[in-house]
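Single-structure report; data block below.
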Amino acid sequence: MATTTATDYTQGFRSLEQEIEVDRLEVAGELPAWLEGTLLRTGPARYEHGDLTVNHWFDGLAMLHKFGFSGGDVSYASRFLQSRAYRRSQETGRLSYSEFATDPCRSIFARTMALFHPQVTDNGNVNVARLGDRFLALTETPVPVAFDPETLETLGVDQRAPGHITTAHPHGDRDSGELLNYVTRLGPRSTYVLYGVAQDGVQRQIARLPVQQPSYMHSFALTERSIVLAEFPLVVRFGQLATGKSFMASFAWRPERGTSFLVVDRADGSVRGRWRGPPLFAFHHVNAFEQDGRLVLDLCAYEDDAIVRELLLDGLRNGTAQIPDATLRRCTIDLAGSGGVTVETVSEVPFELPRINYGAVNGRPYRYAYGAARRPGAGPHEWISRLTKLDVGDGSDLGWSADGCYPGEPVFVAAPTRAAEDDGVCLSVVLDAHRGTSFLLVLDATTFEELARAEVPHAIPYGFHGQFQRTG
Ligand code: CO
């Protein structure tokens, strides 16, 4: 049993009931004059439904967070996403929708096919995305929920994707603004459907790929020519889902399968090939690109699927979780020759929740990635405590950490001058466990030194992902 104190990381897994709106946070330091816009984030904020506490970090009810940057000031607002899942919980005091690792108690007759029921969860606690002028809160069911980026008011379920399981990490086409994603249609014969949604909401199918046992893939990769699915050997068992098991309980780790890299041409949906590499697990792709007949794909990779179970809420709340470290692995696929797949570790420094200068380098050769993970040499029961800037060319890194501080995903925002790939800032919500409050940290993305921080009056529960929207 780990010993925990009042200043440890577990504070970030408490529920937050309070929705607030603050016009001006107290700012220490100086914000760059060009930083004008809004950081929109989502994450779990409430874990209880009456007497029931959900099982997993991924199961908490979504809260939206908004940091506004204008004229050197920072505003903050938070609101629960008024999803159907949230409203039912408010009305009944009970969990009514099946989440990642928690199922509502149903009668034996109703305990089937939770994912196939029309009432699949719309608890968009993983990521936010912009499609045209609509803003969407996303989770891994294909039920995006639209919200107003000014008021954080929920507008309702947006157009659904054609399947059962998707990712909250769609890619954006640089030229058209189309969002690209895949969705798994589950059944005795499952398929991956690759599809695009144009800014006006029109969906088009890019490819339909039959799969015997679909993989659990939290994200995927895009190059300028291809969509790449890395099929980790963590498989989703349809039979288990069909008998009413939670999504997580349907997973099985099958390392003997290795990892399959499925490369699909974006132009016509044809399969360019499938290459097999060693067994790995990852939530997050960092970037991918094609060069000299090779496809290079960078992942935050784990040895196995243990991380999925270590993020169960009990262990995170009592400090006994043993969080494995992901590291940035570079998978190189020899597209033209017979070299297969090689995997190398770019840096031993733990690396997760990756961000890049997306607009400039996604799908292209690049040099810098920014992430949040445990500090190097962290003990078994420590939490995410360091922001890292990684030079994926030579493996060198810069870090930011502070005593008792637990940072989240560093969102890179490019400076308008775009002088260099790393010309910009990183924005991260950090829990200061000594003070029991969170702050929004602004780092110079070139030097990784602190430029400013804006103090939030309470602790913000650890969230997952967000996006910066420039003003105008
Ligand atoms: Co994610």
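Read-outs throughout are calculated quantities, based only on the coordinates presented, and are distinct from any laboratory measurement. Just so it is clear, the structure is predicted and the values come from calculations on it, not from any experiment. Virtual Cβ from ideal backbone geometry, glycine too; neighbours counted across all protein chains shown.
Would you mind calculating the relative contact order of region 269-364 from Cα pairs under 8 angstrom and at least 6 residues apart, reporting the percent as a whole number? Mind showing how you got there, number by number?
Details: 163 pairs, mean separation 29.9, N = 96.
The value is 31 percent.
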Spherically averaged projected area in nm², based on the convex hull that wraps the Cα atoms of the chain: 21.1 nm²
Note down the net charge around PHE100, summing +1 for each Lys or Arg and -1 for each Asp or Glu among other residues with Cβ under 13 Å from its Cβ. -2
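Quick one: work out Rg over Rh on the C-alpha atoms of region 239-392, Rh as Kirkwood radius. If you can, show how the numbers build up before the last one.
Details: Rg = 17.3 Å, Rh = 17.2 Å.
Expressed as Rg/Rh, it is 1.00.
Helix-derived [θ] at 222 nm for the chain: sum -39500 (n - 2.57) over DSSP H runs of at least 4, divide by residue count, nearest 500? Don't skip to the end; give the middle numbers.
Details: 5 runs with 29 residues, N = 472.
Counting only the DSSP helices, I get -1500 deg cm²/dmol.
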Set of region 394-427 residues, backbone N closer than 15 Å to the point 7 Å along the Cα-Cβ line of ALA378: 399-410
Could you work out Rg/(2.2 N^0.38 Å) for region 38-102, with Rg from alpha carbons only? 1.32
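Compute the relative contact order of the chain as a whole-number percentage, counting only Cα pairs closer than 8 Å that sit 6 or more residues apart in sequence. Let's see the in-between values first.
Working: 1268 pairs, mean separation 69.8, N = 472.
This gives 15 percent for the chain.
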Share (percent) of C-alpha pair distances in region 260-334 greater than 21 Å works out to 41 percent
Which cross-chain or sequence-distant (5 or more) residues have an amide H under 5 Å from the amide H of PHE135, H modelled 1.01 Å from N in plane? PHE147
With a point put 7 Å past each Cα toward its Cβ, work out how far ARG160 is from ASP148 in nm, to one decimal. 2.7 nm
Grab the Cα-Cα distance for GLU21 and ARG309, subtract it from 0.36 nm times how many residues apart they are, and report the gain in nm with one decimal. 100.2 nm
What length, rounded to one decimal in nm, is gained on full extension from SER401 through to ALA28, with 0.36 nm per residue of separation minus their alpha-carbon distance? 132.6 nm
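So, R0 is 45 Å and r is the distance between the beta-carbons of GLU36 and ARG237; what FRET efficiency does that work out to, to 0.05? Display every interim value, and only then the final one.
Values: r = 48 Å, r/R0 = 1.07.
The value I calculate is 0.40.
At 25 °C and 0.890 mPa s, what whole-number value in µm²/s does Stokes-Einstein give for the translational diffusion of region 196-274, with Rh from the Kirkwood sum over Cα pairs? All intermediate terms of the calculation are to be shown ahead of the outcome.
Details: Rh = 14.2 Å.
Roughly 173 µm²/s, to the nearest whole number.
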How high is the relative contact order of region 410-472, given as a whole-number percent (alpha carbon pairs under 8 Å, six or more residues apart)? 26 percent
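Based on the Kirkwood radius over alpha-carbon pairs, what value in µm²/s does the Stokes-Einstein equation return for the translational diffusion coefficient of region 333-438 at 10 °C and 1.306 mPa s? Walk me through the intermediate numbers first.
Numbers: Rh = 15.3 Å.
Value of D from the Cα-based Kirkwood radius: 104 µm²/s.
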Apply the Karplus curve 6.51 cos²θ - 1.76 cosθ + 1.60, θ = phi - 60°, to the phi angles in region 403-414 and return the couplings in whole Hz, x for Gly and Pro. 4, x, 10, 10, x, x, 2, x, 7, 7, 10, 6
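Note the per residue figure in Å³ for the convex hull of the C-alpha positions in region 67-223.
144 Å³
Assign one of three labels to region 1-81, namely rounded, prolate or oblate, based on the Cα gyration tensor with a ≥ b ≥ c the square roots of its eigenvalues; rounded applies when a/c is under 1.5, prolate when it is not and a/b is larger than b/c, and oblate otherwise.
Values: a/c = 2.89, a/b = 1.78, b/c = 1.62.
Taking the square roots of the gyration eigenvalues as a ≥ b ≥ c, region 1-81 is prolate.
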Run the simple label-point estimate for ARG367 and ASP133 please: 7 Å along Cα→C-beta, distance reported in nm. 4.0 nm
